[in-house]
Amino acid sequence: MQINDPEFFKQILSMFKMESNEHLETIVSGMAKLKSGASGEERKEIVETVFRAAHSLKGAARTVGISELEEVGQDFERIFSMLKQKDAAISADIFEIFDVAKEQLKKLIESVDDDGKVNADKSELTRLISQMQERIVQLNA
């Protein structure tokens, strides 16, 4: 996004951070419900909700030109897409990995400076996302 007014861009980034944290809260809340044993139709609705939140996070990042967060949003979207296709209970280790990953994602969002640059390393989050994807593939295997 090319905006020539730095103050306006700061306002947009502030709204982006607030919106991104809301999407993250939706994802965290949904994962907590899944962890507590949601099943059947309720599980499907929760997974769809967290999928949409990840999709919205990705879109918001794209809108403000933050490719690092757009990629992470895409990765989370892929995880929840995979879960939509699985009926098995989500294993405890997936929730444990997610708990660490959500903190890493929060740090990335908070690290965005007034120029729209991410000032945190996303390599640990990328590793955690890969681990979650591997574990999800093993569900119902």
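The values are calculated or read from the model by the stated rules, or taken from the named source; none is laboratory data. Since the structure is predicted, the reported quantities are computational estimates derived from the model, not experimental observations. Glycine gets a Cβ as well: all are built from the backbone with ideal geometry, and neighbour counts include every protein chain shown.
Tell me the residue from Lys107, Lys86, Lys102 that is surrounded by 15 or more Cβ atoms within 10 Å (Cβ to Cβ) and outside any helix (DSSP H, G or I), please. Give the steps one after another, and end with the answer.
Working: Lys107 fails: outside any helix (DSSP H, G or I); Lys102 fails: outside any helix (DSSP H, G or I).
Going through Lys107, Lys86, Lys102 in turn, just one is surrounded by 15 or more Cβ atoms within 10 Å (Cβ to Cβ) and outside any helix (DSSP H, G or I): Lys86.
Given Ile129, Ile46, which one is in contact with a Lys or Arg (Cβ under 7 Å, 6 or more places away or on another chain) and either acidic (Asp, Glu) or farther than 18 Å from Met18 by Cβ (or both)? Outline the logic, then answer.
Numbers: Ile129 fails: in contact with a Lys or Arg (Cβ under 7 Å, 6 or more places away or on another chain).
Criteria check complete, one pass: Ile46.
Within region 110-133, restricting attention to residues that are in contact with a Ser or Thr (Cβ under 6 Å, 6 or more places away or on another chain) and surrounded by 13 or more Cβ atoms within 10 Å (Cβ to Cβ), which residue is farthest from Ala61 (Cα to Cα)? Quick ask: steps written out before the conclusion?
Residues of region 110-133 that are in contact with a Ser or Thr (Cβ under 6 Å, 6 or more places away or on another chain), as a first pass: 118-120.
Applying the additional criterion that residues be surrounded by 13 or more Cβ atoms within 10 Å (Cβ to Cβ) yields 118, 120.
On the way: Val118: 11, Ala120: 15 Å.
So, considering only residues that are in contact with a Ser or Thr (Cβ under 6 Å, 6 or more places away or on another chain) and surrounded by 13 or more Cβ atoms within 10 Å (Cβ to Cβ), the one farthest from Ala61 (Cα to Cα) is Ala120.
Mind listing whichever residues of region 36-77 are hydroxyl-bearing (Ser, Thr, Tyr) and part of a loop (DSSP other than H, G, I, E, B)?
Going residue by residue through region 36-77, those that are hydroxyl-bearing (Ser, Thr, Tyr) are 36, 39, 49, 56, 63, 67.
Once the filter is applied, which keeps residues that are hydroxyl-bearing (Ser, Thr, Tyr) and part of a loop (DSSP other than H, G, I, E, B), region 36-77 yields Ser36, Ser39.
Out of all the residues in region 21-29, is one or more under 19 Å from Ile109 (Cα atoms), out of contact with any Phe, Trp or Tyr (no Cβ under 9 Å at 6 or more places or on another chain), of a type in the set (A, V, I, L, M, F, W, C) and modelled with pLDDT of 95 or more?
Narrowing region 21-29 to residues under 19 Å from Ile109 (Cα atoms): 21-29.
With the extra rule that they be out of contact with any Phe, Trp or Tyr (no Cβ under 9 Å at 6 or more places or on another chain), the set shrinks to 21-26, 29.
So of that shortlist, the ones also of a type in the set (A, V, I, L, M, F, W, C) come out as 24.
Subset that is modelled with pLDDT of 95 or more: 24.
Yes: one or more hits.
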